[in-house]
Structure formats: structure tokens, C-alpha cells
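Note sheet for the following structure.
None of the figures in this text is laboratory data; all of them are computed from the coordinates on show. Note that the structure is a prediction, hence the values are computed from the model and not measured. Please note: Cβ atoms are built from the backbone with ideal geometry, for glycine as well, and neighbour counts cover all protein chains shown.
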Amino acid sequence: MKKLLCNRRLKIPLRIRFLRCYIWPILLYGCEAWTIKEDLRKRIEAFEIWTFRRMLAINWTLKVSNEEVLRSVNQRRELLHTIKIRKVAYLGHVLRHERYELLQLIMMGKVAGRRGVGRRNKSWLRNIREWTVIASAAELFRLAKDRQEFTKLTANLH
């Protein structure tokens with residue numbers, strides 16, 4: 001896709017549409033199941049900026065800030081936001097349908113015993129709770145049952 005994305009005869013908005021249509025779906029395949037830790041978040045954001053820099057033919061040795069790159073393509077960072085929306089929507093989908101009973105049981109279940117020493121690992125559900133700013137998983141599960149309320153929640157992600 002390099003010849004298409006770097007083609008100077010095509011206008012930038014068209015190249016961005018190609019990027020969103022052909023590159024990002026490949027990247028985002030299965031993102032609903034990812035646990036987004038800090039290093040993965042940085043890599044996703046870096047990839048997004050890298051593709052725009054590639055389109056604009058900005059050499060990596062030039063000191064051009066990411067904000068300048070985004071301004072020149074008239075875009076905002078949206079790849080990570082798309083992942084957040086997909087993950088939260090998938091949670092609502094799983095919690096509303098009966099055929100995912102096993103997944104619901106796993107998500108709501110507690111493991112018996114004591115937790116080990118140290119910080120808890122970042123979990124898939126903890127990602128969603130941080131993004132939706134809902135402290136308890138039970139409240140999140142209750143909201144997911146109501147499609148309209150959950151749609152409002154998804155629209156206001158941080």
C-alpha cells in the first residue's frame with residue numbers, strides 16, 4: 001500500500017480514506033480482546049502518527065512534532081478511541097446475549113483464595129472500567145443490560 005499512500009498525485013483526504021479503509025481494519029482485527037497496557041497504547045499512537053508521517057513524506061530526522069503532523073493532515077488521534085469504543089461495545093454485546101453465558105460467568109466470577117503480593121495486573125475489564133470511569137464491575141454489568149444507557153456511556157468515553 002506504500003505506492004498508494006505515498007502517491008503525491010492523490011490528495012491527502014483520499015489517502016486518509018484509503019488508510020482507514022485498508023490499513024486500520026487489519027491493525028484492529030480482534031482488538032476487542034486486547035488488554036491495553038501503557039506500552040501497547042504508545043505503540044498504537046506511534047503507528048498512527050507514523051502512517052501520517054509516511055503519507056506526508058516527512059523524514060524521521062526532521063524535527064516535526066506530532067501535533068504539527070496532525071495539523072497538516074487535519075486529523076485528530078482516533079485509533080485508540082476506536083479501540084475503546086469497540087471494546088466497550090463488545091462488553092455490552094456479550095452481557096446482553098444469552099448465548100455468551102459462559103463468558104458472562106467468567107467475567108462476573110471470583111477466584112477463591114488470596115491474592116498474591118504486588119500490584120494487580122492490568123485486565124481487560126479494568127481497561128473498560130478506567131475508560132468509562134465506573135468503579136465497580138457490578139455497576140458496569142448493570143448498565144450493559146440497558147442498551148440505551150450503555151450507548152450513552154460508550155459515546156462519552158475518555
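What to note about this one:
- Structural descriptor for region 2-77: relative contact order 38 percent, calculated from alpha carbon pairs under 8 angstrom and at least 6 residues apart.
- Low-density loop positions, chymotrypsin sites (Phe, Trp or Tyr not before Pro), region 43-82 - DSSP coil, at most 12 other Cβ in 10 Å: Trp60
- Annotation for region 108-143: trypsin sites (Lys or Arg not before Pro) lying in DSSP loop with at most 12 further Cβ atoms inside 10 Å of their Cβ are Lys110, Arg114, Arg115, Arg119, Arg120.
- If you model region 2-77 as an ellipsoid using its alpha carbon gyration tensor, with each semi-axis the square root of five times an eigenvalue, the axes come out at 22, 17, 10 Å, biggest first.
- Least to most buried among Asp39, Asp146 (fewest other Cβ within 10 Å first): Asp39, Asp146
- According to the Kirkwood relation over distinct C-alpha pairs, the hydrodynamic radius of region 35-112 is 15.4 Å.
- Cβ-Cβ FRET estimate between His97 and Ala57, R0 fixed at 41 Å, reported to 0.05: 0.30
- Kirkwood Rh in Å, taken over the chain so that all alpha-carbon pairs contribute: 18.1
- Length gained on full extension, Ala155 to Arg9, computed as 0.36 nm times the residue gap minus the Cα-Cα distance: 48.9 nm.
- The Cβ shell under 12 Å around Gly30 holds other residues with a net charge of +1, Lys and Arg each +1, Asp and Glu each -1.
- Taking every alpha-carbon pair under 8 Å whose residues sit at least 6 apart, the chain reaches a relative contact order of 25 percent.
- Estimated from the Cβ-Cβ distance and a Förster radius of 22 angstrom, the FRET efficiency linking Arg71 and Cys21 is about 0.45.
- Neighbour-limited loop hits for trypsin sites (Lys or Arg not before Pro), region 16-104 (at most 15 other Cβ within 10 Å; DSSP other than H, G, I, E, B): Lys37, Lys63, Arg76, Arg77
- Rel. contact order, % - alpha carbon contacts under 8 angstrom, at least six apart, region 71-158: 39
- The HN-Hα couplings worked out from phi for region 4-10 by the Karplus form 6.51 cos²θ - 1.76 cosθ + 1.60 (θ = phi - 60°) are 6, 6, 9, 5, 6, 6, 8 Hz, whole numbers, x standing for Gly and Pro.
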